[in-house]
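Data first, discussion second: the structure below is written as structure tokens.
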Amino acid sequence: MPVPVGLNVWSRLMEATFPYFDLTVGPFDSLWLPDHVQYNGHKVAEGWTLLVWALARYPDKLAGHEVLCNSFRNPAHTAKMVATAPALSGGRTILGIGAGWNQEEYLAYGWPCPPTRVRIAQLAEAIELIRRMWRDSPATYEGQHYRVVKAHCEPRPEPIPPVMIGGHGEKYLLRVVAQHADWWNYGFRDHALHAHKQEVLKAHCREVGRDYDQIVQVVRVGILIARTEREVERLKTDPCVRPMADIRLAGTPAQVTDALQRIVRQGAARLTVNFADAPRPDGTELFSETVLPYL
């Protein structure tokens, strides 16, 4: 059975994002955008604006974030934004959300940056509040971190968008995935670590009484692909190619296909991919031609 494969872009592409998508997005089922406001001095675009433009520009694609930073927006406002987007796009929006991590952005923009455990607790409450607003109108919610009183969220989304939680922290984040996620977004590093994280999530699911198999696993993979191993090695030092520290899968089409098929056999129900040579379309187009038919 075919595995849906989405195309992801790096946060720092900025002006090149949509020209790159225009050339490459056709064979992919979905688009996945970043959510940063600044990042190591690079020019980056705001994530929600990127998403809305993508939904309008590519009317046959699902779209979401890998992933929104919960801390950047009031969750009641996020609920309203995510409810509006599928109403305008015909139900093509996925809510990808996480606890946030990049302290640079918090400090620069004046957002409170509590400890990781607190940010994860805020994420859990945010998802409860968002779902409450999607279900009830008016909605009231009282938590430790967030509250709404008789808040209207109209139009309510129909169907309800999947809530995808991104991250892999074993003690707290994966417990929130077990409790609240429809989809789990995992950034692939290697097969052994992926299997370990899956076992941790299974344990949390048992503890909270959740069926592990109900959670859709969405695995994100950074890829460097070329027709020959010699060309792969050459590209690794190309100044226009993403540093290899960011790339977990480098190889020929056959090698990339084998690795992705193994990830699918290990439990991934969806894949998202980004390419080391983007915004050049070469790697993406080679992947579409030689790997996608086997997924």
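Scanning region 40-82 for residues that are farther than 23 Å from VAL5 by Cα and in contact with a Lys or Arg (Cβ under 6 Å, 6 or more places away or on another chain) yields HIS42, VAL44.
When each of GLY187, GLY167 is tested for being touching a Phe, Trp or Tyr at 6+ places or on another chain (Cβ under 9 Å), of a type in the set (Gly, Ala, Ser) and closer than 21 Å to VAL273 by Cα, the lone residue that passes is GLY167. Among the residues of region 88-117, those that are under 22 Å from ILE160 (Cβ atoms) and touching an Asp or Glu at 6+ places or on another chain (Cβ under 8 Å) comprise GLY91, GLY96. The strands (runs of 3 or more DSSP E) found wholly in region 91-151 and carrying at least 1 residues that are more than 23 Å from the chain's Cα centre (by Cα), among the basic types (Lys, Arg) and surrounded by fewer than 21 Cβ atoms within 10 Å (Cβ to Cβ) occupy 147-151. Being modelled with pLDDT under 95 and not acidic (Asp, Glu) is true for just one of CYS205, CYS240. Which residue is that? Being modelled with pLDDT under 95 and not acidic (Asp, Glu) holds for just one of CYS205, CYS240, which is CYS240. Screening LYS171 with (1) within 24 Å of GLY6 (Cα to Cα); (2) of a type outside the set (A, V, I, L, M); (3) under 21 Å from the mean Cα position of the chain (by Cα) gives one miss only, at (1). Scanning region 22-65 for residues that are in a helix (DSSP H, G or I) and either on the phi > 0 side of the Ramachandran plot or of a type in the set (Lys, Arg) (or both) gives a single hit, ARG57.
A Cβ distance below 6 Å, combined with a sequence gap of six or more or placement on separate chains, defines the contacts here; from region 66-80, residues that are assigned to a strand (DSSP E or B) and at pLDDT 95 or above reach residues that are buried (at least 24 other Cβ atoms within 10 Å of the Cβ) and of a type in the set (A, V, I, L, M) in the pairs LEU68/ILE97.
The values are calculated or read from the model by the stated rules, or taken from the named source; none is laboratory data. None of these values were measured; they are calculated from a predicted model. Every residue, glycine among them, receives a Cβ derived from its backbone with ideal geometry; neighbour counts consider all protein chains shown.
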